[in-house]
1. Over the Cα atoms of segment 1-107, what radius of gyration and what Dmax do you get, in Å?
2. Do me a favour and compute the ellipsoid semi-axes for segment 154-202 from its Cα gyration tensor, root of five times each eigenvalue, largest one first, whole Å.
3. Extent of segment 68-202 along each principal axis, from alpha carbon coordinates, in Å, largest to smallest?
4. Which distance in nm do the two modelled labels at residue 200 and residue 44 give, with both placed 7 Å along the Cα-to-Cβ direction?
5. Looking at the chain as a GNM with Cα springs under 10 Å, which of 182, 252, 242 has the largest mean-square fluctuation?
6. Considering Cα pairs under 8 angstrom that are at least six residues apart, work out the relative contact order of the chain and quote it in whole percent.
7. On alpha-carbon atoms, Rg over Rh for the chain using Kirkwood Rh?
8. Which value at 222 nm does the chain reach when only helices count, each DSSP H run of 4 or more adding -39,500 (n - 2.57), with the total divided by all residues and rounded to the nearest 500 deg cm²/dmol?
Ligand code: GLU
């Protein structure tokens, strides 16, 4: 049986709810314990890739545009463009290692050549002890800004760079058997052996104006990753205890088991 604790390469997806808890701008409030976990992984010789949202929220904080207003797609793209440099500075404040920006689109990942180039760049950055920080290239894609979603981007990046763990950091504890916002007695599902249609049925759509995903896209990402042999955790990145537990190799949130035993494949 695989165990997510024995990972060598982790992709950590950080959503806008963590970076911009006020709905705009950017804050380190919830990133400090996450950064401490990244340091811990690096010290143990593990590779860490971050997929970070938050460019639109950062751009909105720097300008007079509020995300509660109805913004056009070009306006959101412009905010992403303004916010992205700020987002990178924000991450760089948390690490001594170089934070290296990579902006990708769906078509980059679908092109064999560009995908290979991106993979080589990421691996070279990791060999230089830099931390790749990946976001969607929002200024050149329209669909992705409308539907979202860095959750699926993170899963595709994890598959592309042969990660063995994907951690999706959210502002909820994980997958519940009912919507926890509307059901007091909703129970967290700590372990999903295999993602079924019933799991998608219980995951509602997002109601957060700055997060484009929601539990549906997190589940899609978890399914894509676990089908590709990558253990996936959906965790509450706002909870300091989450990263303390991960540092102690204890599970937290919902663990979606990899559907491929890579060890037996390799062996
Ligand atoms: N790429 C968008 C941003 O950085 C967010 C996409 C998402 O949250 O899934 O603001």
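1. 15.4, 52
2. Numbers: eigenvalues 128, 32, 17 Å².
Taking √(5λ) for each eigenvalue gives 25, 13, 9 Å, largest first.
3. 46, 40, 33
4. Taking the simple label geometry, residue 200 and residue 44 are separated by 3.3 nm.
5. 182
6. Working: 518 pairs, mean separation 60.1, N = 267.
Result for the chain is 23 percent.
7. Numbers: Rg = 17.4 Å, Rh = 18.5 Å.
Taking Rh as the inverse mean 1/r over Cα pairs, Rg/Rh reads 0.94.
8. Values: 12 runs with 113 residues, N = 267.
Per the formula, -12000 deg cm²/dmol.
Each reported figure results from applying straightforward, stated rules to the coordinates on display, with no laboratory input. Small disclaimer: the values here were computed from a predicted structure and weren't measured. Glycine also receives a Cβ, built like all others from the backbone with ideal geometry; neighbour counts cover every protein chain displayed.
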